[in-house]
Amino acid sequence: MARRMMEGSQAVASAVALCRPQVISAYPITPQTHIVQELGQKVADGDLVAEFVNVESEHSAASVVLGASATGVRVYTASSSQGIMLMAEVLFNISGMRLPVVLTCVNRALSAPLSIWNDQQDSISVRDSGFLQLYAENNQEAADLVYQAYRIAEDHRIALPVMVCMDGYILSHAWEGVDIPDQSTVDAFLPPFEPIYKLDPDQPLTFGMFMEPDKYLENRYMIQNAMERAVGVIQEVAHDFERAFGRASAGVMEEYQTADASTVFVVMGSLASTIKEVVDELRERGEKVGLLRLVSYRPFPQDLVCGALARAKSIIVIEKALSLGGPAPLVSELRSAFYGRPAQPGVTGFVAGLGGRDITVDTVKAALERARTGAGVDGFLDLRTDLELEGE
Amino acid sequence: MAQAVDTDHLFASGHTACAGCGQSLAARLVLRAAGPNIIATNSTGCLEVFSSNYPHSAWRVPWIHSLFENSAAVASGVEAALRISGRLDGIRVIGQGGDGGTADIGFGALSGMFERGHDILFVCYDNEAYMNTGVQRSGLTPFDASTTTSPAGRESWGNRTGKKNLPQIAVAHGVPYVATTSVGYPFDLDKKVKKALSIRGPKYLQVFVPCPLGWRHDTSLCTSIAKMVVETGLYPVLEYENGVLTSARRITKKRPVEEYLKPQGRYAHLFNREGGAEEVAKIQALADDNIARFGLMDKPAEAKKAEVVAKVFTASELAGFDGLEGRPAYVAYKGRVYDVTGSSLWEDGEHQLEHRAGRDLTREMENAPHDEDSLGSLPVVGEFKA
């Protein structure tokens, strides 16, 4: 194992290559490009034996890996933002056919207005696609989740695709020290792909049939069950990962200083690192603050989350996505998870960082202050006051 | 007597296509020509719906349907997977779609498949509209056809544009084999599928398939409409190899477009309204233009008029009388050679989609639903010695 300084995209590409995908297909979009460029170079140099299919759209990128996965080989694709939107139709189709595709979503805002910068509206908008969604905090994790994603996706108890999400630029273009394991470690952790079914003339099967109303619902029910099973499988794979790689994996979530915390932040992705700074600082002053970092948004491990937060008095959700016209996605889900449970902490939700606006230590402290004075009142953080806003 | 109907098709019976469906017939013939060692993809549409109602499948080959517009991209993925795992030599990949899934919504994916050079035969079953959703206009709907979204009305004669020229677009991509055919000529279809699959790289085959429901013609007319469209010149049956036109099915007896248009309800408005004749004339001009452009009525370059050189035919001599391109059609049975050229059951040397002229049919006749009396009225032109 070697720890090297590298860009987040390079770390992900290295991890993907070590998983030996046989078909890679992608369409360029900022900020995903560095990952697929790096993979293209590995194929060009013969360091990775794979078909790299340069397609004419993200819709086709997802369709190519769909077809290749159904033919029984391990596949990879990556995208961002509008690319995820254009893939959306195919993403639902991939999970419906129970194909273990692994995809990196380099999180970026959605147009309009056009923004190439980070938030998480893209992956959140395909929440219901049937992809598992795992959010990385840093580049080490963005890489480590790739090995685990293949194990989870290809597990015959699950047979569902996995989307590993990493914040655009903040992670994808940031240089950090990353441990990249050797091939034998990855091979021991991740055996060759054994499809349950595949397209093969020796045993002709029909994929992608239509179902009438007397069967469709049961099909969706089975996928829902597989998603629920995935909570346990993610934990199990994280445990195996730690044994194989000698490094912890968070599994479905990470708890940071939550044991005695009366106030707990809940976030996904790289924002957790900023919040850990704030937690450390406030703890020095004796304030009982903690963080629950959700890795797995789908499946949503609600029993584990509620259990971990049961002792808290106040929960502050900061998220980088909206549900226009309704409460933000993560906070509404968390409130719903607590409904009917004995513990009823106050939950306050904030939306921040959309379109790449920095979320600083001060932003986080402001959230804390607002939750103290107006618990349960959701809102935006860092809204500018120097602009005339429609309807204000 | 052995069973006359082949029940062992790779595209099994029991599917739910409409009576007289040209697409189901064409799909069956494509699979028959391709054989079992293929993987097929399919866009959303009639073919997909009538063949894959879970848990019933008509496909005896590995088959995948994903979405409407991605059949060519899914096929690209299948091909890439076979290539990287060293299985592409033994397994051929066939992409399939209707005209909408191929020429409209799936056009980008098709272009990508062509341009990347995947080793895939893409078959477009062209029934000239979105039939599965209820006969809406597509980019391959012909001029003046009435569809539900290009209806004829007081101010309209139906579809205002002509067919997108997809074969030429495929040629422009540098696709090594591009062909058109019609389900009315099953041997031509068979030959083209086999030829396409013998070529490496992308291939495009566009098959004219009548839709009695959408075109509003009698279900018994499927194959005759599919022949007539070719005989008028409206649907040239062509073959391009490496960008060069290498064959164009010649028209021996040109039919006026009226004969083709009249049995179809989608053109009824051309015959019951004032001004219809001018519209028919415009369609005739399209047919005449095709005939001139592709030389559909020119004499064959090397007019190999087969001649009766002997009263005794060998197998290779008999093969010259195949009924194609104006040649006479002879068949042998129990040592006698019969002339079937004038028989309505043997148009272009083909009989019941199964039998070809220019051959000894003694063994095939054992399985026929009729006996040798049916040959009695045909002129005997010689003896056959294998």
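So if I take the centroid of the Cα atoms in the stretch B:361-386 and the same for the stretch A:110-169, what is the distance between those two points in Å?
69
Based on the Cα atoms of the stretch A:32-83, what semi-axes does the equivalent ellipsoid have, where each is the square root of 5 times one gyration tensor eigenvalue, given in whole Å with the largest first?
Square roots of five times the eigenvalues give 18, 16, 8 Å.
Taking the Cα centre of the stretch B:131-206 as the origin, how large is its charge dipole in debye, to the nearest 20, when only Lys and Arg (+1) and Asp and Glu (-1) carry charge on their Cβ atoms?
Computed charge dipole of the stretch B:131-206: roughly 280 debye.
Label chain B by shape, choosing from rounded, prolate and oblate, from the square roots a ≥ b ≥ c of the eigenvalues of the Cα gyration tensor; if a/c is under 1.5 it is rounded, and otherwise prolate applies when a/b is larger than b/c, oblate when it is not.
Since a/c reaches 1.5 but b/c is at least a/b, the shape of chain B is classed as oblate.
When the Kirkwood radius is taken over all Cα pairs of the stretch B:64-217, what Stokes-Einstein diffusion coefficient follows at 20 °C and 1.002 mPa s, in µm²/s?
133
Assigning unit charges at the beta carbon (Lys, Arg +1; Asp, Glu -1) and nothing else, what dipole magnitude in debye, to the nearest 20, does the protein assembly as shown show about its Cα centre?
Dipole magnitude for the protein assembly as shown comes out near 1020 debye.
Quick one: pull the percentage of alpha-carbon pairs in chain A with a separation above 39 Å.
Distances greater than 39 Å cover 16 percent of the Cα pairs.
Given the options B:Val280, B:Val175, B:Val244, state which has the largest fluctuation in a GNM of chain B using a 10 Å cut-off (strictly under) for Cα springs.
B:Val244
Take A:Glu242 and A:Arg384, extend 7 Å from each Cα along the Cα→Cβ direction, and tell me the distance between the two endpoints in nm.
4.6
Which semi-axes, in whole Å and largest first, does the equivalent ellipsoid of the stretch A:273-312 have when worked out from the alpha carbon gyration tensor as the square roots of 5 times its eigenvalues?
Ellipsoid half-lengths, sorted descending, are 24, 13, 4 Å.
Nearest 500 deg cm²/dmol is fine: what mean residue ellipticity at 222 nm does chain A get from its DSSP H runs of n ≥ 4 alone, each adding -39,500 (n - 2.57), divided by its residue count?
-12500 deg cm²/dmol
Quick one: Debye curve from the alpha-carbon atoms of the stretch B:132-253 only, equal weights, vacuum; give me log10 I(q)/I(0) at q = 0.12, 0.18, 0.21 Å⁻¹ to two decimals.
After summing over all Cα pairs, the log10 values are -0.51, -1.04, -1.24.
What is the Cα coordinate range of the protein assembly as shown on the first, second and third principal axes, sorted by size from largest, in whole angstrom?
On the principal axes, the protein assembly as shown reaches 113, 63, 46 Å in Cα extent.
Taking the beta-carbon count within 10 Å as an exposure proxy, list B:Tyr125, B:Tyr54, B:Tyr185 from fewest neighbours to most.
Fewest-to-most ranking of B:Tyr125, B:Tyr54, B:Tyr185: B:Tyr54, B:Tyr185, B:Tyr125.
Given a Förster distance of 30 angstrom, what is the FRET efficiency for A:Asp128 paired with A:Val361, based on the Cβ-Cβ distance and rounded to 0.05?
Efficiency computed from Cβ-Cβ geometry: 0.30.
Would you mind listing how long the stretch A:283-364 runs along its three principal axes, going by Cα atoms, in whole Å with the largest first?
Principal extents (largest minus smallest coordinate, Cα): 37, 37, 21 Å.
Hey, what does the equivalent ellipsoid look like for the stretch A:45-170, semi-axes from the Cα gyration tensor as sqrt of 5 times each eigenvalue, largest first, whole Å?
Equivalent ellipsoid of the stretch A:45-170: 21, 16, 15 Å, largest first.
Averaging over all projection directions, find the projected area of the Cα convex hull of the stretch B:237-284 and quote it in nm² with one decimal place.
Taking the Cα atoms of the stretch B:237-284, their convex hull projects to 4.6 nm² on average.
Of B:Lys191/B:Lys299; B:Lys194/B:Lys282; B:Lys311/B:Lys334; B:Lys227/B:Lys282; B:Lys163/B:Lys253; B:Lys203/B:Lys262, which pairs sit farther than 26 Å apart, going by alpha carbon to alpha carbon?
B:Lys194/B:Lys282; B:Lys203/B:Lys262
What percent do you get for the relative contact order of the stretch B:116-268 when only Cα pairs under 8 Å and 6+ apart count?
RCO, the stretch B:116-268: 24 percent.
Distance in nm between label sites at A:Met5 and A:Val377, each 7 Å beyond Cα in the beta-carbon direction?
Result for the modelled spin labels: 4.7 nm.
Multiply the residue separation of B:Arg87 and B:His56 by 0.36 nm, subtract the distance between their alpha-carbon atoms, and state the gained length in nm to one decimal.
Full-extension gain reported as 8.4 nm.
Separation between the B:Glu258 and A:Glu284 pseudo-spin-labels, each 7 Å from Cα along Cα→Cβ, expressed in nm?
Each label point lies 7 Å from its Cα, and together they span 9.8 nm.
Residue farthest toward the positive end of the dipole of chain A, with Cβ of Lys/Arg at +1 and Asp/Glu at -1: which of A:Val252, A:Met268, A:Ala88?
About the Cα centre, the residue reaching furthest to the positive side is A:Val252.
Quick one: how many lysine pairs does chain A have with C-alpha atoms less than 17 Å apart and a gap of 8 or more or different chains? Give me the count, please.
Going through chain A pair by pair, I get 5.
Could you list A:Thr104, A:Thr77 so that the one with the fewest beta carbons within 10 Å of its beta carbon is first and the one with the most is last?
Listed from fewest to most nearby Cβ atoms, that is A:Thr104, A:Thr77.
Could you tell me the calculated FRET efficiency between A:Lys215 and B:Ala12, based on Cβ-Cβ distance and R0 = 25 angstrom, to the nearest 0.05?
0.75
Quote the relative contact order of chain B in percent (integer), defining contacts as alpha-carbon pairs under 8 Å separated by 6+ residues.
13
Of A:Leu48, A:Ser129, B:Asn132, which is farthest along the charge dipole of the protein assembly as shown in the positive direction, counting Lys and Arg as +1 and Asp and Glu as -1 at C-beta?
Farthest towards the positive end: B:Asn132.
I need the peptides A:351-363, B:41-53 ranked by packing, meaning the mean over residues of other C-beta atoms within 10 angstrom, with the highest value on top.
Highest mean packing first, the order is B:41-53, A:351-363.
What FRET efficiency, computed as 1/(1 + (r/R0)^6) with R0 = 41 Å and r the Cβ-Cβ distance, is obtained for B:Ser156 and B:Arg200, rounded to the nearest 0.05?
Once rounded, the FRET efficiency stands at 0.35.
Please state the Cα pair-distance histogram of the stretch A:140-240 with 10 angstrom bins from zero: what percent is in each bin?
12, 33, 31, 18, 6, 0
Would you order B:Asp126, A:Asp182, A:Asp378 from fewest to most other beta-carbon atoms within 10 Å of each residue's own beta-carbon?
Listing B:Asp126, A:Asp182, A:Asp378 from fewest to most nearby Cβ atoms yields A:Asp182, A:Asp378, B:Asp126.
How high is the relative contact order of chain A, in percent, with contacts defined as C-alpha pairs under 8 Å that are six or more residues apart?
Relative contact order here is 16 percent.
For chain B, what does the helix formula give at 222 nm: sum of -39500 (n - 2.57) over DSSP H segments with n ≥ 4, over the residue count, nearest 500 deg cm²/dmol?
-8500 deg cm²/dmol
Which helices, counted as full DSSP H runs in chain B, have an axial Cα extent of no less than 15 Å and a Kyte-Doolittle average of -0.5 or above?
Span-like helices in chain B: B:22-34, B:71-84, B:222-232, B:276-294.
Compute the length gained on full extension between B:Thr246 and B:Thr314: take 0.36 nm times their separation in residues and subtract their Cα-Cα distance, giving the result in nm to one decimal.
Taking 0.36 nm per residue and subtracting the Cα distance, the gain is 21.6 nm.
Read-outs throughout are calculated quantities, based only on the coordinates presented, and are distinct from any laboratory measurement. Remember, it's a predicted structure, so these values are computed and weren't measured experimentally. Every residue, glycine among them, receives a Cβ derived from its backbone with ideal geometry; neighbour counts consider all protein chains shown.
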